[in-house]
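Visitor: There's a structure below that I have some questions on.
Rule-based calculations on the coordinates, nothing more; no lab input. None of the values given here were measured: they were computed from a predicted structure. All Cβ positions, even for glycine, are placed from backbone atoms using ideal geometry, and neighbour counts span all protein chains on display.
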Amino acid sequence: MKKIKYYSFCTKDTRNFNSIFYHHNDGKFLLRECYFDLLCKKCGKFDEIKSIKRGLAECDIHEKKVDMFGTEEGLICVSKRLKSILENAGVKHLDYYFAPSARAAEYFIIIPTRAIPVNKQCYQFTKKCNICGRYESVNGWPSSLEMELPQEPLAICIPDIPNEKPSGLYFDYMASEDVIKLLKAEKITGVQAVRIYP
Ligand SMILES: [Zn+2]
């Protein structure tokens, strides 16, 4: 059987600064105080996933028209319209979290719950924090040829080892060809997709 093609699922740049956890204050880029309780006292990282799951405070998002965009944290946000297109098409294993912002239209952060096992040897880990257990940075180049990507038409997933920058984790979203085709047919704006699977 022919293998399903996958794409690296990214967003186009927008002119706006969009952030979930941080805000600008006097020219500084600061973490919102409501997340201070989730900060590691040693390495300074904070638990992004926990904060998203417990409900977000006001976000610094400015988008009003685009269907899909990335935040400073590397998270993908989708419009209400795109959320219902994905749900109606039956794209499963996605969590949606409302990202409240007075300046933006209604957007949702998407986090795939399906994580594909990757080869740990393709990753570089630096400085593990002995308090929270996270690494200062994690950089991976897992081969898509080694990944068992879902063989169903409509799927969005991530590798099971997320990358980390010193500023926090970020996901490499992957989407099947039919998801990309669906978004094209629906004239979804803000999508950038690069083929990763032969
Ligand atoms: Zn730590």
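Visitor: Given the structure, is Ser84 outside any strand (DSSP E or B), surrounded by 18 or more Cβ atoms within 10 Å (Cβ to Cβ) and not aromatic (Phe, Trp, Tyr)? Talk me through it step by step, then tell me what you get.
Guide: Numbers: outside any strand (DSSP E or B): yes; surrounded by 18 or more Cβ atoms within 10 Å (Cβ to Cβ): no; not aromatic (Phe, Trp, Tyr): yes.
No; evaluated as a whole, the condition is false for this residue.
Visitor: Keeping to the stretch 1-38, report how many residues are hydrophobic (A, V, I, L, M, F, W, C), part of a strand (DSSP E or B) and away from the ligand (no atom under 16 Å from the Cβ). Can you show your working first?
Guide: Our first condition is that a residue be hydrophobic (A, V, I, L, M, F, W, C); within the stretch 1-38, this holds for 1, 4, 9-10, 17, 20-21, 29-31, 34, 36, 38.
Within this subset, residues satisfying the condition of being part of a strand (DSSP E or B) are 9-10, 29-31.
Adding the requirement that they be away from the ligand (no atom under 16 Å from the Cβ) leaves 9-10, 29-30.
Counting residues in the stretch 1-38 that are hydrophobic (A, V, I, L, M, F, W, C), part of a strand (DSSP E or B) and away from the ligand (no atom under 16 Å from the Cβ) gives 4.
Visitor: So in the stretch 6-38, with the set limited to residues that are over 14 Å from the mean Cα position of the chain (by Cα) and of a type in the set (A, V, I, L, M), which one is surrounded by the fewest Cβ atoms within 10 Å (Cβ to Cβ)? I'd like the intermediate steps shown before the answer.
Guide: Here is the first cut: in the stretch 6-38, the residues over 14 Å from the mean Cα position of the chain (by Cα) are 6-7, 13-17, 22-38.
Those still in the list that are of a type in the set (A, V, I, L, M) too: 30-31, 38.
Values: Leu30: 11, Leu31: 18, Leu38: 17.
This residue is Leu30.
Visitor: Being farther than 28 Å from Pro153 by Cβ and either more than 16 Å from the ligand (Cβ to nearest atom) or assigned to a strand (DSSP E or B) (or both): is that true of Glu73 here?
Guide: Numbers: farther than 28 Å from Pro153 by Cβ: yes; either more than 16 Å from the ligand (Cβ to nearest atom) or assigned to a strand (DSSP E or B) (or both): yes.
Considered against the rule, which asks whether it is farther than 28 Å from Pro153 by Cβ and either more than 16 Å from the ligand (Cβ to nearest atom) or assigned to a strand (DSSP E or B) (or both), Glu73 comes out as yes.
Visitor: Among the residues in the stretch 39-46, are any touching a residue at least 40 places away in the same chain (Cβ under 8 Å), more than 16 Å from the ligand (Cβ to nearest atom) and either crowded, with 18+ Cβ neighbours inside 10 Å or part of a strand (DSSP E or B) (or both)? Lay out the reasoning, then the answer.
Guide: Looking only at the stretch 39-46, we keep the residues that are touching a residue at least 40 places away in the same chain (Cβ under 8 Å), and these are 40-43, 45-46.
Of the ones still in play, those that are also more than 16 Å from the ligand (Cβ to nearest atom) are none.
No; the residues of the stretch 39-46 include none that is touching a residue at least 40 places away in the same chain (Cβ under 8 Å), more than 16 Å from the ligand (Cβ to nearest atom) and either crowded, with 18+ Cβ neighbours inside 10 Å or part of a strand (DSSP E or B) (or both).
Visitor: If Lys127 satisfies all but one of (1) loosely packed, with under 15 Cβ neighbours inside 10 Å; (2) part of a loop (DSSP other than H, G, I, E, B); (3) within 16 Å of the ligand (Cβ to nearest atom); (4) not hydroxyl-bearing (Ser, Thr, Tyr), what's the number of the condition it fails?
Guide: (2)
Visitor: With the structure loaded, tell me whether Lys120 is more than 19 Å from the chain's Cα centre (by Cα) and over 21 Å from Lys41 (Cβ atoms) or whether it fails that test.
Guide: The answer is yes for Lys120.
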